[in-house]
Protein chains: 2
Amino acid sequence: MSGRLDNIFSPQSIAVIGASRSKQKVSWQVLDNLLKFGFNGRIYPINPKATSVHSIKAYPSVLDVPDEVDMAIIVVPAAHVLSVVEECGRKGVKGLVVITAGFSEIGGVGIEREQELHSLVTKYGMTMIGPNCMGVINTHDDVQMDSTFSPIPPLKGDIAFMTQSGALGVAILEHARNVAVGLSKFASLGNAVDVSGNELIEYMEEDPETAVILLYIESFGDPRNFVRIARRVTRRKPIIALKSGRTEAGARAAVSHTGAMAGPDVGTQALFEQCGVLRVGSIQELFDLAMAFSQQPLPQGRRVAVITNGGGPGIMATDALVSHGMQMAELSPKTIAYLEKNLPQEASTSNPIDLIADADGPRYRLVMEAVLKDEGVDALLVITVPPVVTDDVEIARAIWEVARDYDKPTLSSFVSRAEDSPAFMELAGHGIPSYLFPENAARSLAAMATYREYLAREEGEFRVFDVDRGKAEEIVSKVRADSRTRLHETESLELLQAYGFNIVETRMAHSLEKALELAEEIGYPVALKAIHPKIVHKTEYGAVALDIRTSDELRRHFGTMSDRLSSKGLAPKEFMVQEFARGGKETIMGMTLDPKFGPMIVFGLGGVYVEFLKDVVFGLTPMTDMDAVRMIESIRSYPILEGVRGEPPSDVASLAEYLQRLSQMVEEFQDIGEVDINPFLVFEKDKGCKVVDARVILAPAGG
Amino acid sequence: MSGRLDNIFSPQSIAVIGASRSKQKVSWQVLDNLLKFGFNGRIYPINPKATSVHSIKAYPSVLDVPDEVDMAIIVVPAAHVLSVVEECGRKGVKGLVVITAGFSEIGGVGIEREQELHSLVTKYGMTMIGPNCMGVINTHDDVQMDSTFSPIPPLKGDIAFMTQSGALGVAILEHARNVAVGLSKFASLGNAVDVSGNELIEYMEEDPETAVILLYIESFGDPRNFVRIARRVTRRKPIIALKSGRTEAGARAAVSHTGAMAGPDVGTQALFEQCGVLRVGSIQELFDLAMAFSQQPLPQGRRVAVITNGGGPGIMATDALVSHGMQMAELSPKTIAYLEKNLPQEASTSNPIDLIADADGPRYRLVMEAVLKDEGVDALLVITVPPVVTDDVEIARAIWEVARDYDKPTLSSFVSRAEDSPAFMELAGHGIPSYLFPENAARSLAAMATYREYLAREEGEFRVFDVDRGKAEEIVSKVRADSRTRLHETESLELLQAYGFNIVETRMAHSLEKALELAEEIGYPVALKAIHPKIVHKTEYGAVALDIRTSDELRRHFGTMSDRLSSKGLAPKEFMVQEFARGGKETIMGMTLDPKFGPMIVFGLGGVYVEFLKDVVFGLTPMTDMDAVRMIESIRSYPILEGVRGEPPSDVASLAEYLQRLSQMVEEFQDIGEVDINPFLVFEKDKGCKVVDARVILAPAGG
């Protein structure tokens, strides 16, 4: 595959097929952009009705061009695309950027047209971006290609940006220019018939001009492949993603509670977290982070010093930093003494450091030096608020001149200062990210710290457990043979047992006498559960009695339960008599099959409370041992597992092992549609876990 | 008090005391601003060393001015402030704006100086803003006063802005100008020695030029007075507040868990919620909301239609709207049919409505008309994304021309379009709030809907319950007489009983024999709890046994508990034998005394889980019946109280009544420092609540 995308990004000659002489047309604008941005090669307008376009000799067909054509930008009407692509193939064109719309996105005839287009591209071994895209950009000096129709030319920089929305792509190019953010490459994916987003990410991974990768995503083509690639790429370069359509999936029918908890967005969230992609919520945030990552080193920790010339903005910065998980650095006594000696009496020498309103460049410089030298400081946020008594460009110069000598990130906020002001330009031109408000700088610093921690964290290993796969196959086959999808209670438990799960002692009884006998064997206290094919959630039907301590109590519960359920037409077929385990904490563990993301493992603390508080976490399979531990640690109620109020800690290592066993099971049996282990008891450290109740459902046959 | 602030905001003559001839000085800038903004009255520079300043005749002292002086702006060095204020008093000056710093904010001599300043102001009956402030603005045509030293003059509008930070004040004035937001009044409070923020809010309430009130707050002077005033004002005009210092309070030592849960910011949050103040998290958001509230009517509901010329931004707007609690409007079949008839085939006629890239003014106009007419639409968000094929000013014109004919809010986003672009100016100049990104518009719409709901919600009544206050006084007096602050278990329960709380049946035993006897009287199952002065949290010490069903079990628990505690040197003094109530849900209810906000009532679902999940809500006293109900409904786990999995609903009305009884108790006994009722059992609807355990602690004597 190497070099395939060079056909797109580094052509030496480009044909603009459909180049119009009318300045109102997109095709003219594309040609105009290529010329204005100074494409470092030959351009051939193709237009059967003109001898020149935009002062350049035009040819009726690409076949008429006397030289080699490396790449073609296609802007002809949809009906003509196939024939010009055929011509490109015959001409030996290696790269295509198809801007023309009217393919699968319009359905019907468009779908067929797209299939034929794909066949042609494959037949001639060409590389294609689009169709229905808005072009690509490569700012490299050797290439200098802007093949978009965006009205504003890009700045050169080290950020690669890929977008699934053409419209938003142009808006973002415009915003990038407004905030002085420079790009290395840009690609609008369009319908992604040939070149996918994943392929582009791999290209950017190797691109020496690119340091930061930005994505705007509306949907994933192949999420599992994305995870595999992103997991590798994020170790080398940060990927910052804006994913929209968080809510589009709407309500998804789900029989099980585990399924019901999975909102439309949890798959994306789990995916990004597992592979270290930094997710942002808005275009603004996308660029805020991009500026910081592209221009400054990563912080070695979360301790931030704030320098300001006004109290209010200092407090706001502190709020924002702390609420994004950063810490206010504690300055060393030496630093404080130095500041006290050198600052006016009214200044505040503790962090946030307030230089007061008359601070000038030299004062900023002096304090920045002292603070950046302090070993207790990992990052610096410098704030300036108007009215600045002295020249604010002088302050801006002080900031970048000091910052460049230290390997600690320095971000700045010239509060409210417009992005075309001289001070802002002075900072932007010298590698200091500057933000309109301190909050944005704080959020960006926090993202850098998070990424730094991601790079430092252990990836862990994918463990493979020795399980009784034969037994598991037997159970699944039997269920399929019965034309069922839902496993019986005992089958579910046995399946899990085959994968190494411990189950609380469980027996089945068809009569009160048998139940009493089993309870004696198991030993009181026991639990009694009524089984009926129509009862999915036993608690809702009052089909569960816990902590039964005597035969009298068992007799009573057996009677009440039978009567109540019979009166509802749900006379129990049999009863489960179980050991009532004490001393464990209830968790839930399960799997829900996402139509897009495949199996998603879920974990949380149990009980109806958690179901409503939604304190659960999702993870994709396969998962490493470290992934499993991180999943467990990431629930809000994790302190409860660590032991609160003098309780001993729970066996988190065992929970992590079972998450991986569950992961292995659903990877090996891809037709399992849903697993819900609830409750799954976890005992004290080194004492393991036990399944109390479980439900397993297969995916519909042939599904 | 009426008219007091007119002395500041509507003077006919102003003396600038300390007006310098040097353009570098703040005092010159103040004079310059007054002149440039065209003050509609007479200005007298006061400078003992100059005969004119800024081409205006100057006087050595305010006493030398031959005419009346209504207001004086004081910019002399701190050491001279008192003497010039004395002169102002003698001259009959009614209003003072003291810009000079060097008062209580520097401590020591500054504090004394501030006290003397206050005395002088009181002595002469003057009204004073400051000291240590940055001036005031009144844009009213009859006044036209800009007494700040902000480099950028304000625009005229209907937004009043008050700030506790001078530095941030100037930054905000600059930002307001950048986003074309106009002000009616502006005031920098400074040290607020005379005129407080609360007094200013009451002034803005009556000010006919002001429609929206913005606050930047770092700390509350008198929070209870703020609540009283804001509760009234927000019924007439929206108050939008940015409160910084969310994290400044840091860790606060707290003996009880209830106290520990109250973060430094919960008081502010409870306060704002109870009085309908809209809280924002950043300067950006402050202005986003201000634009919407000042320019557009409130929506009658949460159903929003989105019109866009690009798919991506439409999806992003949908995400943002839904995640802020808004709904995507369902268009009527009539509207859809009309759109289908009139839009190009490629357009999407369902919400978000995509007009596709070539949409021009007439197409926007046609669709806006149809959508605003639709009764299923409460609000409209119009998005335009570049490149716009047609003139985007034409689209902007279409937007405001249609919007002005409907009483539904219309917000717009010209994505990435700079704030000085012609299209943005066209919108801003005609009352359509326009945002760089659709997310900001969505958030602003949601705030409008929230405010509309606040206006519609019932305030409720302050109920007064008939309680046994004598008994309560007796208990508290006894504790004080013993020089204790902590009430014994039984005293805590009796105090609550005096305020009408039901308590589960509880007896005290000093021996096993007595415990067994009491258990028989109460009836099994019972709970056994060991009492020792050093044991605050019984669970942590294993000093609680629940659900004891037989005398054998009671005997065993009694033994184990005694042994374990004795071995730790905590041999129980006595035991509590309690009815073990079944069928209730555990909640917690309590009160923690905030040093600033006073008593704060807390409520949440009980158990260690909730303590760690922090699903609790705080409310200020006194509270209306509706406040109490809203508190309960606002916890995340509220669905559990409504009944899940077929369970009956809990007695929420009873919970609400007890919140008010607790509120009454802590209002009547202001020396109660802390109440922790945990667990507080709530039973099925109409079956009430019962206290199981409670701890009450008095505030330190004389505190």
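Miscellaneous remarks
- Using alpha-carbon coordinates, inclination of helix B:26-36 to the longest axis of chain B, degrees: 60
- Whole-number D in µm²/s for the range B:159-211 (Stokes-Einstein; Kirkwood sum over Cα pairs; 4 °C, 1.567 mPa s): 111
- Global geometry of chain B, whether rounded, prolate or oblate, following the gyration tensor of its Cα atoms and the 1.5 cut on a/c: oblate
- In order along the range A:407-417, the phi-based Karplus estimate (6.51 cos²θ - 1.76 cosθ + 1.60, θ = phi - 60°) of 3J(HN,Hα) comes to 8, 10, x, 10, 10, 9, 9, 8, 3, 6, 6 Hz; Gly and Pro are listed as x.
- Amide hydrogen proximity for B:I672: with H placed 1.01 Å from N in the peptide plane, the residues at 5 or more positions away or on another chain lying under 5 Å are B:A699.
- Electrostatic bookkeeping for B:S22 treats Lys and Arg as +1 and Asp and Glu as -1; over the other residues with beta carbon under 12 Å from its beta carbon, the sum is +3.
- Per residue of A:313-321, other chain Cβ atoms within 10 Å of the residue Cβ number 6 on average.
- Positive-end residue of B:A456, B:L168, B:T592, charge dipole of chain B with Cβ unit charges: B:L168
- Between the range A:520-564 and the range B:647-690, the alpha-carbon centres lie 34 Å apart.
- Pairwise centroid distance, computed over Cα atoms, of the range A:446-480 with the range A:392-421, Å: 45
- The mean number of Cβ atoms from other chains found within 10 Å of a Cβ in peptide A:632-639 is 2, as a whole number.
- The range B:260-318 shape via C-alpha gyration tensor axes, a/c threshold 1.5: prolate
- Other residues whose C-beta falls under 12 angstrom from the C-beta of A:E520 contribute a net charge of -1, scoring Lys and Arg +1 and Asp and Glu -1.
- Classification of the range B:517-575 by its C-alpha gyration tensor yields a prolate form. The axis ratio a/c (a ≥ b ≥ c) is 1.5 or more, and a/b outweighs b/c.
- With K and R counted +1 and D and E -1, the other residues having a Cβ less than 14 Å from that of A:A329 yield a net charge of +1.
- Computed from Cα positions, the angle between helix B:266-275 and the longest principal axis of chain B comes to roughly 70 degrees.
- Close amide H contacts of A:E574 (hydrogens built in the peptide plane, cut-off under 5 Å, sequence separation of 5 or more or a different chain): A:I531.
- Residue ranges A:432-443, A:274-285 sort as A:432-443, A:274-285 when ordered by packing (mean number of other C-beta atoms within 10 Å per residue, highest first).
- In chain A, the longest principal axis of the Cα atoms and the axis of helix A:512-522 are about 70 degrees apart.
- Check: the range A:647-703 dipole with +1 on Lys, Arg Cβ and -1 on Asp, Glu Cβ, in debye: 80
- Under-5 Å amide H pairs with B:Y44, H placed in peptide plane, nonlocal only: B:I14, B:A15, B:V16
- Relative protection proxy for B:629-635, B:304-310, from highest mean packing down: B:304-310, B:629-635 (other beta-carbon atoms within 10 angstrom).
- Rg over Rh for the protein assembly as shown works out to 1.00, using Cα positions for both radii and the Kirkwood form for Rh.
- For the range A:509-644, the Cβ-based charge dipole about the Cα centre amounts to some 480 debye (Lys, Arg positive; Asp, Glu negative; other atoms uncharged).
- The range B:89-104 versus the range A:214-238: alpha-carbon centroid distance in Å: 63
- Simple point charges give the picture: +1 on the Cβ of Lys and Arg, -1 on the Cβ of Asp and Glu, and for the protein assembly as shown a dipole about the Cα centre of about 540 debye.
- In Hz, Karplus ³J(HN,Hα) per residue of the range B:47-60 (6.51, -1.76, 1.60; θ = phi - 60°; x = Gly, Pro): 7, x, 10, 9, 8, 8, 9, 6, 6, 10, 4, 10, 10, x
- Per-peptide packing, taken as the mean over residues of other Cβ atoms within 10 Å, places A:333-341, A:551-559, B:86-94 in the sequence B:86-94, A:551-559, A:333-341 from highest down.
- The protein assembly as shown - mean residue ellipticity at 222 nm from DSSP helices (-39,500 (n - 2.57) per run, n ≥ 4, rounded to 500): -11500 deg cm²/dmol
- On a per residue basis, the convex hull of the C-alpha atoms belonging to the range B:323-445 measures out at 98 Å³.
Read the figures in this text as sums done on the coordinates, not as results from a lab. The shown structure was predicted, so the numbers you read here are calculated from the model rather than taken from an experiment. Note that each Cβ is placed from the backbone with ideal geometry, even for glycine, and that neighbours are counted across all protein chains shown.
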